[in-house]
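For reference, the structure discussed in these notes is given below.
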């Protein structure tokens, strides 16, 4: 074959590939919808209720659900069921309230894979903590998009959790990612902070996420302006601001256990005065933090949190990933995810390894992770209010259960652990009259288990059925959803959409 013909056919092949790529990008995924429901009423017979309000198991109860509400809970079987009432046998099973993941990051493709995956694991609510700073960002965070997805869930057009709040992009201080954005996006000065808070208010943002490197002056101005407009501020503790000052300024939640370690050693104040505190993070600094840990400093922070009603979301899986980044068994958890997302996950894990490849460096990372668990147990005993959050967007749903296991390791009772993902989030949003426990008149968001989660927190994964907003998803349906998700996750269709989102983001 001549070179001319070879180039011609190669051109046709490239054109075909491009056409297929564009087709996959444009063509939407089919919606994963809930199964048809016969009748508006449902009865769960003879089931054991995990009562997180009283730390007890209510044995052999009967639950009547009318439309989307728990209408009545009784010791006796209901005798007035309509002919089309759905009857669920709960004998020897347990039911708990639907779970909340209070540290999630939603991508634009979330409704097609992440949403059904969350629900398959009993996660009926999430708090999204990564807003998009423009439409080219791969993250979901725009008010219109989140509201659209919530409406689709409510109308049963798709299955998934309800997303609460609308977060800003991370307010990090001066950052190259804002090179084509208004200067005030950098939030480098108090003047920038005022403009940025007003911008967020105009966009309908309900949660401003602060990050590590924002300056003290800009941070405190941002806090004052956000308070005036009634906007929540949560996120990382800025490295130039003390934990006590961040709480006193009104941060609603502080994320990640490490900030307590950073602020409870003898050199903490001096480190905060550094030109670049985060830039000094290294094995030796972490070792010094652990060696010079001061319990008095730590308990002063706990006292401040309790006084100010500041919440704590430890996300222990993030530090566990640091500690076990080189562990092949740990890395296998990513085997079944999309190959593009797995590549980014391994890039993060490898970055941690290459920072310090010595055995001493790995040991300090593990000690740091374990110290975080210890501190969380102490915080709980001291009365600090905890929220469960996974912060592992590549593994939605399953990692919330892993985080619950981490909280159990930290020393919380299993009732306390479950509260961090049920009642506490509902209280956080002032929605405890609707969610957070299996109680009469609350929304029927329920997870049915074959095993008792109080005897072993790992039993939260023994899911045999889910009721989401009054809609029953049985075990067979959940297995079908699992197969659809697995096929979709690894498909060319999904890869094309993810590559397109990345390419668009790179042109920002």
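The values are calculated or read from the model by the stated rules, or taken from the named source; none is laboratory data. None of these values were measured; they are calculated from a predicted model. As a convention, Cβ positions derive from the backbone with ideal geometry for all residues, glycine included, and neighbour counts pool all protein chains shown.
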| query | Can you find even one residue in region 111-122 that is modelled with pLDDT under 95, under 23 Å from residue 68 (Cβ atoms) and more than 12 Å from the chain's Cα centre (by Cα)? | reply | yes
| remark: The residue from 160, 173 that alone is closer than 20 Å to residue 125 by Cβ, in contact with a helix residue (DSSP H, G or I) (Cβ under 9 Å, 6 or more places away or on another chain) and free of Cβ contacts under 8 Å to residues at least 60 places away in the same chain is 160
| Residues of region 95-110 that turn out to be modelled with pLDDT under 95, over 22 Å from residue 210 (Cα atoms) and surrounded by 24 or more Cβ atoms within 10 Å (Cβ to Cβ), as a count | 1
| said: So for region 240-251 (the condition being closer than 21 Å to residue 367 by Cα, surrounded by 15 or more Cβ atoms within 10 Å (Cβ to Cβ) and modelled with pLDDT of 95 or more), does at least one residue qualify? | reply: no
| remark: Expected single match for under 19 Å from residue 336 (Cβ atoms), in a helix (DSSP H, G or I) and either modelled with pLDDT under 90 or in contact with a strand residue (DSSP E or B) (Cβ under 6 Å, 6 or more places away or on another chain) (or both) among 503, 498 is 498
| request: Restricting attention to helices (runs of 4 or more DSSP H) lying wholly within region 258-357, give those where 1 or more residues are free of Cβ contacts under 8 Å to residues at least 24 places away in the same chain and either in the same structural domain as residue 215 (by TED's automatic domain parsing) or touching a strand residue (DSSP E or B) at 6+ places or on another chain (Cβ under 9 Å) (or both). | output: 258-262, 268-272, 283-291, 295-308, 328-331, 339-355
| query | From the set of residues in region 33-59 that are surrounded by 14 or more Cβ atoms within 10 Å (Cβ to Cβ) and in contact with a helix residue (DSSP H, G or I) (Cβ under 9 Å, 6 or more places away or on another chain), which is nearest to residue 120 (Cα to Cα)? | reply | 34
| query | In this structure, is residue 192 under 30 Å from residue 505 (Cα atoms), part of a helix (DSSP H, G or I) and either touching a strand residue (DSSP E or B) at 6+ places or on another chain (Cβ under 9 Å) or assigned by TED's automatic domain parsing to the domain that holds residue 300 (or both)? | reply | yes
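Rundown of residues vs (1) modelled with pLDDT of 95 or more; (2) buried (at least 24 other Cβ atoms within 10 Å of the Cβ); (3) touching a helix residue (DSSP H, G or I) at 6+ places or on another chain (Cβ under 7 Å); (4) under 22 Å from residue 47 (Cβ atoms), yes/no style:
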site: 61; (1), (2), (3), (4): yes, no, no, yes
site: 68; (1), (2), (3), (4): no, no, no, yes
site: 90; (1), (2), (3), (4): yes, no, no, yes
site: 139; (1), (2), (3), (4): no, no, no, no
site: 147; (1), (2), (3), (4): no, no, no, no
| request: Mind listing whichever residues of region 429-454 are touching a residue at least 40 places away in the same chain (Cβ under 8 Å), within 16 Å of residue 386 (Cβ to Cβ) and either surrounded by fewer than 20 Cβ atoms within 10 Å (Cβ to Cβ) or assigned by TED's automatic domain parsing to the domain that holds residue 471 (or both)? | output: 429
